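Some notes on the structure that comes next.
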Amino acid sequence: MATRNYVPRATGEGTIGTKEKKWKAGYFGEVHAENTYTKTEVDTLNAEQTDALNKSIDELKEDAKNVVGVMLAKEGLKSGIWLHINKAGRMIPRPDFDNLYPWNEIETVTFDEQIMVKIPKFYHKYENKCRWISKEPREGYHLHPAFIRNGEEKSCFYIGAYEAYNDNGVAGSAAGKTPWVSVGGMASAINSCTARNTNASDPDKRGWHLQTIYERAAISLLMLIEYATTDMQAEIGNGSQSTIVATGTSNAKWRGLSEWWGNVWEHTDGFKTDAEGKAQIFSNACDGTYVQTNVTVAAGWITDVSVAKGEAYDLADVFIPVTADAVEVNATYADYAWAAANSVLHQSDCFGHGTYCGPFSFGANYAATVSLTYLGLRLAKYADN
């Protein structure tokens, strides 16, 4: 005999069981709740929801491995207050950078007997005082120009593990050497690096060049994100000595790089100022052509850097000082900047300059022909692919 129907007097009335008194079990062929679902359909929906949830968790885990950034939470105080953030801009604990791309793929390599450090390519995004890098291309991100050569994408670039020494008139990179200074000006610095290109068919003997502003900026960006500060002297070592020291012997070391600041100034290609002190920079195709930015370089303790954009440049990819202060504690980027018209770029700063030195130090105050006893260079190399 069939069981009679239980029907409420009106829609929305009645329950089966209560919060305190529950039925032990229930077996139904169908459950009607606005829509009709069979048991099989309910099982399928549960499985789909579980799969979607697991997929979301997997995507979050993958993002954590492939995207990381920093946010400038407060300006000033010498180096600002920076926080690690995830892709969504939310604050996170300091990641394990030894197991995070690209830091975990930075390595020391040798080409043509020169000791170099490989920097793997990454994509960059700047927005509202936040900077992110990603292993993969994403909406709002672009390939950092350090990994572009003549408009072609490169898998990495190589930077001298040490400041260059004079290897019979050619720039070299090795430990325990006296840095090559009084090179003869920017053109001589460039030529001493490209002189290592002796065989276009040999991967070891092609692609050599003087370090560029984009390459130095890419490395400084990696340092900033890793340590969530611009004060690398406080985090790593002052690197500033009372005299020039042999390569590889100061405490300014980071992931295979030595004397990244505080030994000798280093010629840096790809930047100059015009007669009005406005910044000109390599186009982001990195084909050797300069573009005008109309950005005036500031001098003093660096309080802010430009994020101006143009048709062939994005200054958020580099760290060009646009505001500065006479008082060190008011800085946000920890280091000091010099600026003048008709000048080329020197970076790193040199011995004896104390806290002026650092990866964000910016010397755009000497003409291209200047040659100094404390001004050197650093070798770099483009990747073949």
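Below is a table of values for the structure above.
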quantity: Residue ID - farthest from G80 (Cα to Cα), chosen from residues in the stretch 289-317 that are assigned to a loop (DSSP other than H, G, I, E, B) and open to solvent by 50 Å² or more (accessible area, probe 1.4 Å); calculated: T289
quantity: Members of the stretch 334-382 that are β-branched (V, I, T) and either part of a strand (DSSP E or B) or touching a Leu at 6+ places or on another chain (Cβ under 9 Å) (or both); calculated: V344
quantity: Residue identified as out of contact with any Cys (no Cβ under 6 Å at 6 or more places or on another chain), at pLDDT 70 or above and open to solvent by 50 Å² or more (accessible area, probe 1.4 Å) among T36, T110; calculated: T110
quantity: Qualifying positions in the stretch 139-175 - open to solvent by 40 Å² or more (accessible area, probe 1.4 Å), in a loop (DSSP other than H, G, I, E, B) and out of contact with any Ser or Thr (no Cβ under 8 Å at 6 or more places or on another chain); calculated: E139, G140, N150, G151, S155, N168
quantity: S306 vs. criteria among the hydroxyl-bearing types (S, T, Y), closer than 27 Å to S155 by Cβ and touching a Pro at 6+ places or on another chain (Cβ under 9 Å); calculated: no
quantity: The lone exception for C286 - which of (1) open to solvent by 30 Å² or more (accessible area, probe 1.4 Å); (2) not in a strand (DSSP E or B) it fails; calculated: (1)
quantity: Test: residue in the stretch 318-333 that is of a type in the set (F, W, Y), open to solvent by 40 Å² or more (accessible area, probe 1.4 Å), at negative phi and not in a strand (DSSP E or B); calculated: no
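The values are calculated or read from the model by the stated rules, or taken from the named source; none is laboratory data. What you are looking at is a predicted structure, and each value in this text was computed from that prediction instead of being measured. Because the Cβ atoms are built from the backbone with ideal geometry, glycine has one as well, and the counts that use them run over all protein chains shown. We work out accessible area using only protein heavy atoms, side chains counted, and drop any ligands, DNA or RNA first. Shrake-Rupley method; radii C 1.70, N 1.55, O 1.52, S 1.80 Å.
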